[in-house]
Every structure is written in structure tokens, then in C-alpha cells.
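J.: I am attaching a structure below and will ask some questions about it afterwards.
The values are calculated or read from the model by the stated rules, or taken from the named source; none is laboratory data. None of the values given here were measured: they were computed from a predicted structure. A quick note on method: Cβ atoms are made from the backbone with ideal geometry, for glycine too, and the neighbour counts reach across all protein chains shown. Protein only, heavy atoms only, side chains kept; ligands, DNA and RNA dropped before computing areas. Shrake-Rupley method; radii C 1.70, N 1.55, O 1.52, S 1.80 Å.
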Amino acid sequence: MNTSDYDSKITEILSDNSVYKKVNKDPTSKVLTETKLLINKYSSKLNLDIKSLVPSCSKPPKLYGLPKIHKQDVPLRPIVSQIDSPTYKLAKFLSKILSPLRGHTKSFVKDSYQFVNDIKHLKLTDNDIMVSFDVQSLFTNLPVLDCIEIVRGKLKDNKMPIEYAELLKHCLTSGYLMWKDEFYIQVDGVAMGSPVSPVVADIFMEDFEVRALRSPTIRPLIYKCYVDDTFTILNKNKTSAFLNHLNSINNKIQFTIELEANNSLAFLDILVIRNPDNTLGHTVYRKPTHTDRYLNGKSHHHPVQLATIGKSLLQRAQHLCDADHLEAELQHVRRALTINNLPLPRQH
């Protein structure tokens, strides 16, 4: 990508005044002072060690963009590198504390392996259709105050100290970034790059889905979610109504829709296939931009590292493919390993 194109796309991202506001002064010193004061305030109640939760030499978070090369016009995904920022260590600490609060709903998907187990016994009807709903820019659109209230409620339910919510509030509401020596405050949403952001996003979306699935008029056969991606099986005539229902719950959380095509639909790294008898098959999915490029076997890496590549690809094939698609995936893996001069793993 040309530097000028990259810069203009970053500038366009920062021009959204509902998310970012330019400021004249580096907020690092102010945020660092507030962070120390807050940690000291709750240190005895929560047994906090300020030295382990505050960086010794704070730096402003830096914005950069990752190109989404699989999308039209190659938009950028904004990432805010938080390492050594005033709240980085505190956010990392909170991510460990809050992680157990997520993953307790029927829609939660831990990984691809769990998802395959959840769908392999399903059988559709001729009136059913596979649908994927995707949240538009989830992290920058997360309503921060709503997230904090949801976390506060879960802390109470789990009899955990409510003060963690105050620490979280500080991490989420003190967000700022630097781009080309200029500083911007993040007005709303959370930064992709903060250790606690994925945990907060999961907790918020689980609460969102519980409310969404209370609808008495539309009952999906299955509704599975991994952060901002969902896999749903609905009646063909109710897809638009369900999309409208999702988009009516919170005006900041808006979904796009993708319907199955050619009797298949991708979710995570799995291609779900509708068989002629309406059962579901599954195999590994790769985006059109995938290149089968891995570490080259002739590169200067430890043999164990190189051998692990083939083992992981083999394991993924064996766990994600049904019997009808396994051999084709194994052949693909063998070709990819050969091209990259990597050893072929032993099959068990």
C-alpha cells in the first residue's frame, strides 16, 4: 500500500468525531497520575501491587492500521498499541480477573473444535437457511458505560469485589492515542489493542445475545457467536425480521447479514455445508486471499518449530473435517507443506 493511501485511510478513521477527539496536549502524565491514585485507593481492599500494575516508563499508545486485504478497497482495522501505556498493565491484570465472567451462555463458542461438535448432529428442514450476522466495527462502537454496568452486575452475581468495575471504568474511559505526534482521545468504544478489550466485548455481546434471544416471535434453530461473528439457522422467511430485531436492540450495535450460498456458509475457519439430506457437513475454510505460506523448511528455525506447523495443520484437518472432506483437506495440507519445504507429519 502506498504511504499516502495508508495515511489518508488513517486520517479518515480519526475524522469520526463520535469516536475520536483531537487534543492539544499529551494526556500520558494525567492518565498515569489518575491510574496510580486509583490503584492506591483500592490497593488494600483488592491486594494490589502498584509496582506491578504501573509501567516504569509510560509512553502514549500508538495507532496503526492493519489492511483488510479480503475486503473491497482494502479498509484498515485500527489497532492501538497499548504496550507501556499508563493503563496497559492494569488492563492486563483486569483481563485475567474478568475472563471467568464470560463463556456461560448457550451461544458462546470457545473455538472451532467446540463449534463443530455443536453442529454435527443438527438436521435442517427445507425451510431453514444458514445465516451469518456480523457486527459492524464492534470495538469502536461498544457503549462503554453499558459495558461497565454489565460487568458490575456480573461481579455482584459472582460475589466478586465491585471495585474491579471502577478500575475497568478508568481503563475504558481514559483511552487516548498518538498518530504522527498528534493526540486523540477516544470518546466512546474500546481500543483494539488493550488486553481487556476482548474480554469486555465478549461480556457485552453475551448480554446482548441473551436479550436478543428472548424474542418470542423468532426462534432460531441454533445461534452461535464468537465475539462479533454469529452462525444462525433460521426460517427462510424470517431472516430480515431477525436482522431488524438485532439492529433494534442497541443503536450502536448494528449487524450485516450473509446468507448461505451454494449450500454452504463460512464461520471462523470452518465451511459448513448443507448435505442433500439436510444434515450438515464441515471442512476447513480459507479466505480467497490465503496463500498457503508458512515458515519455510529451509529457514533458520529450530526443527521442532518447523515440525509443529505440519502437526497443527494435520490436527486441524482431523478435528474440523467430516469423513467426506477429510482426505481432500489432507491432500491440501500435504501440498502446502511440500511447497514450503516442511516435513510431512505422521498420521495416527
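J.: Per the 1.4 Å probe, what fraction of the accessible area of the chain, in percent, lies on carbon and sulfur atoms?
T.: The computed percentage sits at 51.
J.: Still on this structure: Beyond 32 Å between alpha-carbons counts as too far, so tell me which of 68/123; 154/236; 71/236 fall in that bin. Display every interim value, and only then the final one.
T.: Working: 68/123 34 Å; 154/236 36 Å; 71/236 27 Å.
Over 32 Å Cα-Cα: 68/123; 154/236.
J.: Percent of Cα-Cα pairs more than 22 Å apart in the stretch 117-232, please. List each step's numbers first, then the result.
T.: Working: 3144 of 6670 pairs.
Above the 22 Å cut-off, the stretch 117-232 has 47 percent of its Cα pairs.
J.: Near residue 195, within a Cβ-to-Cβ distance under 15 Å, what is the net charge of the other residues, with Lys and Arg +1 and Asp and Glu -1?
T.: Numbers: positive: 89, 92, 96, 102; negative: 84, 202.
Net of charged neighbours comes to +2.
J.: At 7 Å along the Cα-to-beta-carbon direction for both residue 136 and residue 21, put a label point, then send me their distance in nm to one decimal.
T.: 2.4 nm
J.: A further question follows. Report, in debye and to the nearest 20, how large the dipole of the chain comes out about its Cα centre when Lys and Arg carry +1 and Asp and Glu carry -1 on their Cβ.
T.: Values: 45 positive and 37 negative charges, 189 e Å.
Roughly 900 debye, rounded to the nearest 20.
J.: For residue 84 and residue 163 in the same chain, what is the full-extension length gain: residue separation times 0.36 nm, less their Cα-Cα distance, in nm?
T.: Values: separation 79, 0.36 × 79 = 28.44 nm, distance 2.35 nm.
Fully extending the segment from residue 84 to residue 163 adds 26.1 nm.
J.: Kirkwood hydrodynamic radius for the stretch 242-348: how many Å is it when counted over pairs of different Cα atoms? Provide the component values of the computation, followed by the final result.
T.: Values: mean 1/r = 0.0612 Å⁻¹.
Averaging 1/r across every pair of different Cα atoms and inverting gives 16.3 Å.
J.: Okay, next question. Going down the list 9/62; 62/110; 36/96; 25/180, which pairs span over 18 Å between their C-alpha atoms? Spell out each step's value before the answer.
T.: Details: 9/62 16 Å; 62/110 30 Å; 36/96 20 Å; 25/180 13 Å.
Violating the 18 Å limit, Cα to Cα: 62/110; 36/96.
J.: Among all the lysines, which ones have a C-alpha under 18 Å from residue 41's C-alpha, if same-chain residues fewer than 8 places away are not counted?
T.: Within the straight-line limit of under 18 Å, residue 41 reaches these lysines: 30, 51, 89, 169.
J.: What span do the alpha-carbon atoms of the chain cover on each of the three principal axes, reported in whole Å from largest to smallest?
T.: If we take the Cα atoms of the chain, the spans are 62, 59, 44 Å.
J.: Let me ask something additional. What value does the stretch 292-348 have for Rg/Rh, both radii from Cα atoms and Rh as Kirkwood defines it? If you can, show how the numbers build up before the last one.
T.: Details: Rg = 11.4 Å, Rh = 11.5 Å.
Answer for the stretch 292-348: 0.98.
J.: Which length gain, in nm to one decimal place, applies between residue 29 and residue 305 when the Cα-Cα distance is subtracted from 0.36 nm times their residue separation?
T.: Numbers: separation 276, 0.36 × 276 = 99.36 nm, distance 4.21 nm.
Separation in residues times 0.36 nm, less the Cα-Cα distance, equals 95.2 nm.
J.: Take each of the peptides 93-102, 27-36, average the number of other beta-carbon atoms within 10 Å over its residues, and list them starting from the highest.
T.: 93-102, 27-36
J.: For the residue pair residue 106 and residue 289, what label-to-label distance in nm results when each label sits 7 Å from Cα along the Cα-to-beta-carbon direction?
T.: 3.6 nm
J.: Applying 1/(1 + (r/R0)^6) with R0 = 41 Å to the Cβ-Cβ distance of residue 57 and residue 346, what FRET efficiency is obtained, to the nearest 0.05?
T.: Details: r = 48 Å, r/R0 = 1.18.
Once the sixth-power term is evaluated, E becomes 0.25.
J.: Picking from 288, 195, 86, which is most flexible by a Gaussian network model of the chain using Cα springs under 10 Å?
T.: Its mean-square fluctuation being the largest, the pick is 288.
J.: Can you tell me how much longer the chain between residue 279 and residue 156 gets when fully stretched, taken as 0.36 nm per residue apart minus their C-alpha distance, in nm with one decimal? Could you put the intermediate results ahead of the total?
T.: On the way: separation 123, 0.36 × 123 = 44.28 nm, distance 4.23 nm.
Fully extending the segment from residue 279 to residue 156 adds 40.0 nm.
J.: If N is the number of residues in the stretch 150-300, what value comes out of its Cα radius of gyration divided by 2.2 N^0.38 Å? Don't jump to the answer; show the numbers that get you there.
T.: Values: Rg = 20.3 Å, N = 151, 2.2 N^0.38 = 14.8 Å.
Computed over Cα atoms of the stretch 150-300, the ratio equals 1.37.
J.: Distance in nm between label sites at residue 44 and residue 330, each 7 Å beyond Cα in the beta-carbon direction?
T.: 6.6 nm
J.: From the helices alone, meaning DSSP H stretches of at least four residues, give me the mean residue ellipticity at 222 nm for the chain, per-run term -39500 (n - 2.57), in deg cm²/dmol to the nearest 500.
T.: On the way: 12 runs with 142 residues, N = 348.
Computed ellipticity for the chain at 222 nm equals -12500 deg cm²/dmol.
J.: Sort all Cα-Cα distances of the stretch 84-143 into consecutive 10 angstrom bins from zero, then give the percent of pairs in each bin up to the one containing the longest distance.
T.: Calculated over all Cα pairs of the stretch 84-143, the distribution is 14, 29, 34, 16, 6, 1 percent.
J.: Something else about it: Rounded to the nearest 0.05, what FRET efficiency is calculated for residue 185 and residue 259 with R0 set to 35 Å and r the Cβ-Cβ distance?
T.: Values: r = 39 Å, r/R0 = 1.13.
The computed FRET efficiency comes out at 0.35.
J.: Sum up the charges of everything whose Cβ sits under 9 Å from the Cβ of residue 135, counting Lys and Arg as +1 and Asp and Glu as -1, but leave residue 135 out. All intermediate terms of the calculation are to be shown ahead of the outcome.
T.: Numbers: positive: none; negative: 134, 228, 229.
Surrounding charge for residue 135 is -3.
J.: Treating the stretch 17-134 as a set of equal point scatterers at the Cα positions, no solvent, please give the Debye-formula log₁₀ I(q)/I(0) at q = 0.13, 0.16 Å⁻¹.
T.: At q = 0.13, 0.16 Å⁻¹ the computed log10 ratios are -0.85, -1.02.
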